[in-house]
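So the structure is just underneath, and the comments pick up after that.
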Amino acid sequence: MMIRAEHLGHIVRIVDVDGKVWKGKVVELVGPEDSDSGEIELGIDYAGGITMFTESEIAKLRIID
């Protein structure tokens, strides 16, 4: 499992499966039982809103703060 509760509140760098790089503070975690995708989801504060990622959309994830 790539997404962990320890990411919440930290600034992270995400590289998605398409190679796009995203940076933002993790403000939301959704468990598989509560997500529409059935996967763990992580939400970052990005460009004035929350951008959600399923675990399968993330190629690389690391805390940068």
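Net charge dipole, the chain: roughly 480 debye, given to the nearest 20, about the Cα centre with Cβ charges of +1 for Lys and Arg and -1 for Asp and Glu. Springs join every pair of Cα atoms under 10 Å in this Gaussian network model of the chain, and among Gly48, Gly38, Gly19 the largest mean-square fluctuation is at Gly48.
With a Förster radius of 22 Å applied to the beta-carbon distance between Arg13 and Asp34, the computed FRET efficiency rounds to 0.30. Kindly provide the Kirkwood hydrodynamic radius of the chain in Å, to one decimal, from all pairs of distinct alpha carbon atoms. By the Kirkwood definition, the hydrodynamic radius is 11.6 Å.
Each reported figure results from applying straightforward, stated rules to the coordinates on display, with no laboratory input. None of these values were measured; they are calculated from a predicted model. A quick note on method: Cβ atoms are made from the backbone with ideal geometry, for glycine too, and the neighbour counts reach across all protein chains shown.
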